[in-house]
1. Out of 216, 276, 227, which single residue is in contact with a helix residue (DSSP H, G or I) (Cβ under 7 Å, 6 or more places away or on another chain) and either assigned to a loop (DSSP other than H, G, I, E, B) or within 30 Å of residue 25 (Cβ to Cβ) (or both)?
2. Take the conditions under 20 Å from the mean Cα position of the chain (by Cα), buried (at least 22 other Cβ atoms within 10 Å of the Cβ) and within 16 Å of the ligand (Cβ to nearest atom) and apply them to residue 104. Does it pass?
3. Limited to segment 14-46, what total is found for residues that are within 16 Å of the ligand (Cβ to nearest atom) and either surrounded by fewer than 24 Cβ atoms within 10 Å (Cβ to Cβ) or at pLDDT below 95 (or both)?
4. Condition check: more than 12 Å from the ligand (Cβ to nearest atom) and within 30 Å of residue 209 (Cα to Cα). Does residue 96 satisfy that?
5. Out of the residues in segment 144-187 meeting the condition of being surrounded by fewer than 21 Cβ atoms within 10 Å (Cβ to Cβ) and outside any helix (DSSP H, G or I), tell me which one is nearest to the ligand (Cβ to nearest atom).
6. With (1) within 19 Å of residue 278 (Cα to Cα); (2) in contact (Cβ under 8 Å) with a residue 60 or more places away in the chain; (3) more than 16 Å from the ligand (Cβ to nearest atom); (4) assigned by TED's automatic domain parsing to the domain that holds residue 119 as the list, and residue 1 as the residue in question, which single condition is left unmet?
7. If you check every pair at least six apart or on different chains, which have Cβ atoms under 8 Å apart with a residue in segment 172-194 that is at pLDDT below 95 first and a residue that is assigned to a helix (DSSP H, G or I) and within 9 Å of the ligand (Cβ to nearest atom) second?
Ligand code: F6P
């Protein structure tokens, strides 16, 4: 078993509410186990550049409730290359960092996985992304906050849609995953939800909207995941529907990056705290190159390789329920 005296921690990829709670948990667990902790700024980019700072328990006071990430984040192309990863390794060696905790999404874990195979630095991944698209965990840090943020925004759009008898297309985030769309859509009572995992097809959408008007609905909301599989982006979809349903007054609203901000929910703070402590404990007990996650309420770990390769399935039952309750 490797002796670990200093652990480096970084946040990478799209920021997510709760990342700060995870950083805090890592820093404090390190101190609890008398291990030094070094914060690495701007993800893998900062690792390549040696942008490090020693973190003590008091360095992370009052950040548990803050959105964003105090360590800042980046998407780093240089780390995708072997040369970039070698530079990062040299920086870690110079700073006597023996192990690494990476808080991020699947892109960040792919980088971390390559790094762990090439160099003798043990790595643990903590899933932090609003998309909830990481295999090996039921929930990623930030997802609960983001789906609530999206739901509240959709509720507000409902008020104006209903006042003007309008049809709204609302685009939510989620890249290639429909978790935010499906959950915020069901919670806000959206008439239709379009997600990448299910190809509804534009013509079925038009038919369904026609039917819903016949049942007496005067306004409707269609929640569209940004990675929806109809092959059209939200503006093209709206254009197609306008052409085929000229009786509708159609508007588009793209929620965008506001979904990544805001104070983390209680669930995200608790999840982040549990995963942060567990990540440190795994490293100190000799379990390496895995991602920590929550499965059936228990903290489990999955090989980084599997976390990167696997795919989380969408809840088909929720899709069925959505159809029933929006009749
Ligand atoms: O992965 C998180 C996420 O917010 C996705 O939902 C979205 O597609 C992407 O990041 C946007 O990335 P960026 O902030 O780099 O434009």
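The values are calculated or read from the model by the stated rules, or taken from the named source; none is laboratory data. Computed from a prediction, not measured in an experiment: that's the story for all the values here. Glycine gets a Cβ as well: all are built from the backbone with ideal geometry, and neighbour counts include every protein chain shown.
1. Numbers: 216 fails: in contact with a helix residue (DSSP H, G or I) (Cβ under 7 Å, 6 or more places away or on another chain); 227 fails: in contact with a helix residue (DSSP H, G or I) (Cβ under 7 Å, 6 or more places away or on another chain).
Result: 276 is the single residue among 216, 276, 227 that is in contact with a helix residue (DSSP H, G or I) (Cβ under 7 Å, 6 or more places away or on another chain) and either assigned to a loop (DSSP other than H, G, I, E, B) or within 30 Å of residue 25 (Cβ to Cβ) (or both).
2. Details: under 20 Å from the mean Cα position of the chain (by Cα): yes; buried (at least 22 other Cβ atoms within 10 Å of the Cβ): yes; within 16 Å of the ligand (Cβ to nearest atom): yes.
Yes.
3. Count: 3.
4. On the way: more than 12 Å from the ligand (Cβ to nearest atom): yes; within 30 Å of residue 209 (Cα to Cα): no.
The answer is no for residue 96.
5. 175
6. Failed condition: (4).
7. Correct list of pairs: 174/180.
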